[in-house]
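First the structure, in the form of structure tokens, and then the observations on it.
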Amino acid sequence: MDLNRGVKPDPRRSLPSVDRLTREVLALRPDLPEWAVVAAVRAEVDESRGALELLLSRGAKNSEIEDVIGTDWSVQAIVRARKLSEATPAPVINATGVVLHTNLGRAPLSAEAARAAAEAAANYSNLEFDLETGHRGNRLGALTTKLELLSGAEAAMVVNNNAAAVMLALDTVAAGKEVIVSRGELVEIGGSFRVPAIMEKAGVRLVEVGTTNRTHPDDYAAAIGPETGLLLKVHRSNFAQSGFVAEVDLGQLVEIGRRHGVPVVEDLGAGTLVDLSRHGFPADAFVPSRLRLGPDLVCFSGDKLFGGPQAGILLGSRRWVDELRKNPLARALRLDKMTIAALDATVDAMLRGRAEQEIPALRQMLEAPESLAIRARALAERLERVAGDRIALTVEEDRVPVGGGSLPGFELPTFVVSIRAQPGGPGPQRIADGLRAAPRPVLARVRDDAVLLDLRTLSEADLDAVTEALEAALR
Ligand SMILES: *Cc1c(COP(=O)(O)O)cnc(C)c1O
């Protein structure tokens, strides 16, 4: 084959014109917005020009250059324009069964919380205005009092997320001082939150005590000196330790702190103000029981077990919460009005005693397996009608973690519709890819030779869309 055939002296001349390609793509896909097509075409052409220049400067082979100019520009530009014009974030159907899926936005809001956020977003409000006095008011209004009433804490404060809460607590309580942490608790949560890195950024000096598997009360006591500003306990949110292990519990740590006059803070990660222990959930996630052990502050996420919007909630002593509020960092880490409204509505459901019914994350976590089984059979029946004989469907019992760096080692019983390939049919990865490509993408678990649709996170209202997605995936 003559590889030189068709390659002009300057291959950059073979790049399409932005105008012409834009018109071509818009004719093929009139549904795509023009701005996105223009941007996509420009990016494609620029990228190819860059690639060609690099190849030319390296004296690359003609075949490599032909690969670039042989690109199907309009197909590439359509894919890019479609991605660009999609809403961010775009809604998906969570069929993984993982209630607090970090990649899927953790806790979904209750209808009331979503409505409150939309209302706050679209209207003026008394966000920082006291209607009684006619003067400037407190941004968090009654929200902090409600959190105090629910938790039994002396005082409450809320910031942008739990990472911000930890940062604010460290900076407020221990700036420039030493913070003592067990080596067994120097955790990483989801890539970018690492306890040692946060400490460095907060301007405190990390003092590690104990070993990876065992830390004793004496380890803390021996490390306390004139420079000690804080004893910090960090919840091992996303892993569990077993075997030859020992840790100092929060009550013991508070006792050591008292003896030496050093404050104690717990980063609980996932906390709840609804006692889930009577449903078999680990008791240490119930914040009031942590507060009763007497730490100066406890902080946790608003969108994990709490079931509300992204936020970092700090509860504890009036003295330290007053200091948190005065810290200039609090301004940089503050909540926006939509989040305040959503969090307030979430807390309101708790005060009314309706949290388990109204808050989706709690409702999903607490749904009885028998009720999941009924919905699983209903889904299997619908899927059966569109499936033909290229896949086999079964309803199976399974177990699924809660997710979101909450309750490590704890799993919920669940029911799944399991899809297995039949001879001549698409494999599990192909089916999962097809489900993800649906207009309303469906995210499923893939295990061994099966695609699992988990009913713990699928509501009755999702079943039609899942059925349509599978039908399309099998075409
Ligand atoms: C999740 C978690 C964080 C980070 O919380 P965000 O709300 O995601 O910022 C920090 N510490 C612990 C222990 C966590 O589990």
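Values quoted throughout were computed directly from the atomic coordinates according to the rules given, and no laboratory measurement underlies them. Given the structure is predicted, the values throughout are model-derived calculations rather than measurements. Ideal geometry is used to build each Cβ from the backbone, glycine not excepted, and the neighbour counts take in all protein chains shown.
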How charged is the neighbourhood of Val400? Take every other residue with its Cβ under 9 Å from the Cβ of Val400, and add Lys/Arg as +1 and Asp/Glu as -1. 0
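Note down the net charge around Thr145, summing +1 for each Lys or Arg and -1 for each Asp or Glu among other residues with Cβ under 15 Å from its Cβ. It would help to have the intermediate numbers written out before the result.
Values: positive: Arg139, Lys146, Arg318, Arg325; negative: Asp130, Glu148, Glu154, Asp322, Asp344, Asp348.
Counting the neighbours of Thr145, the net charge comes to -2.
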What's the center-to-center distance, using Cα atoms, between the range 405-475 and the range 360-395 in Å? 10
Listing His279, His135 by rising number of other beta-carbon atoms within 10 angstrom, fewest first, gives His135, His279
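How do Arg363, Arg440 rank when sorted from fewest to most other Cβ atoms within 10 Å of their own Cβ? Before the final figure, lay out the partial values.
Details: Arg363 17, Arg440 13.
Neighbour counts put them in this order, fewest first: Arg440, Arg363.
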Residue by residue, what Karplus-based ³J(HN,Hα) values in Hz, rounded to whole numbers, does the range 20-26 have, using 6.51, -1.76 and 1.60 with θ = phi - 60° and x for Gly and Pro? 5, 5, 4, 4, 4, 5, 5
Ratio of Rg to Rh for the chain, alpha carbon only, Kirkwood? 1.06
Does the range 272-344 come out rounded, prolate or oblate by the C-alpha gyration tensor, with a ≥ b ≥ c the root eigenvalues, rounded set by a/c under 1.5 and, if not, prolate when a/b is larger than b/c and oblate if not? oblate
Please give the Cα centre distance for the range 265-311 versus the range 119-192, rounded to the nearest Å. 15
Say R0 is 35 Å: what FRET efficiency, to the nearest 0.05, do Phe239 and Lys83 get from their beta-carbon distance? 0.55
With r as the distance between the Cβ atoms of Arg42 and Ala221 and R0 = 56 Å, compute the FRET efficiency 1/(1 + (r/R0)^6) and round to 0.05. 0.30
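Any idea what the relative contact order of the chain is, in percent, if you count C-alpha pairs under 8 Å spaced at least 6 apart?
Values: 848 pairs, mean separation 85.3, N = 475.
RCO, the chain: 18 percent.
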With only alpha-carbon atoms counted, please give the Rg and Dmax of the range 200-331, in Å. 15.4, 45
Set of lysines near Lys177 by C-alpha distance (under 28 Å), chain-local residues within fewer than 8 positions excluded: Lys201, Lys233, Lys326
For the range 70-181, report the translational diffusion coefficient in µm²/s to the nearest whole number, using Stokes-Einstein at 20 °C, 1.002 mPa s, and a Kirkwood Rh over Cα pairs. 110
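Quick one: dipole size for the range 179-291, taken about the Cα centre, charges +1 on Lys/Arg Cβ and -1 on Asp/Glu Cβ, in debye to the nearest 20. Walk me through the numbers on the way to the answer.
Working: 11 positive and 14 negative charges, 20 e Å.
Using only the charged Cβ atoms, the result is roughly 100 debye.
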What list of ³J(HN,Hα) couplings, whole Hz, do you get for the range 239-249 from phi and the Karplus terms 6.51, -1.76, 1.60, once you set θ to phi - 60° and write x for glycine and proline? 8, 10, 10, 9, x, 7, 10, 8, 10, 8, 6
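Would you mind getting me the FRET efficiency between Arg214 and Glu255? Use the beta-carbon distance for r and R0 = 25 Å, nearest 0.05. The partial results should precede the final answer.
Numbers: r = 19 Å, r/R0 = 0.75.
So the FRET efficiency works out to roughly 0.85.
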Could you compute Rg(Cα) / (2.2 N^0.38 Å) for the range 40-111, with N its residue count? 1.77
Taking Lys61 as the anchor, which lysines have their alpha carbon closer than 22 Å to its alpha carbon, excluding any fewer than eight residues away along the same chain? Lys8
Taking a straight Cα-to-Cα line shorter than 20 Å from Lys146, and setting aside same-chain lysines fewer than 8 residues away, one finds Lys304, Lys337
Where labels lie 7 Å past Cα in the beta-carbon direction, separation of Ala437 and Ser17 in nm: 3.4
Run the helix sum for the chain: -39,500 (n - 2.57) per DSSP H stretch of 4+ residues, divided by residue count, reported at 222 nm to the nearest 500 deg cm²/dmol. -12500 deg cm²/dmol
Residue by residue, what Karplus-based ³J(HN,Hα) values in Hz, rounded to whole numbers, does the range 378-394 have, using 6.51, -1.76 and 1.60 with θ = phi - 60° and x for Gly and Pro? 5, 5, 4, 4, 5, 5, 3, 5, 9, 7, x, 9, 8, 9, 10, 10, 9
Amide proton proximity set for Leu305, modelled H, under 5 Å, gap of 5+: Gly271
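Could you give the length gained on full extension between Ala465 and Ala122, defined as 0.36 nm per residue of separation minus the Cα-Cα distance, in nm?
Working: separation 343, 0.36 × 343 = 123.48 nm, distance 2.98 nm.
Roughly 120.5 nm would be gained on extension.
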Could the peptides 408-414, 307-313 be put in order, highest first, of the mean number of other beta-carbon atoms found within 10 Å of their residues? 307-313, 408-414
If Lys233, Lys83, Lys304 are placed from fewest to most neighbouring beta carbons inside 10 Å, the sequence is Lys83, Lys233, Lys304
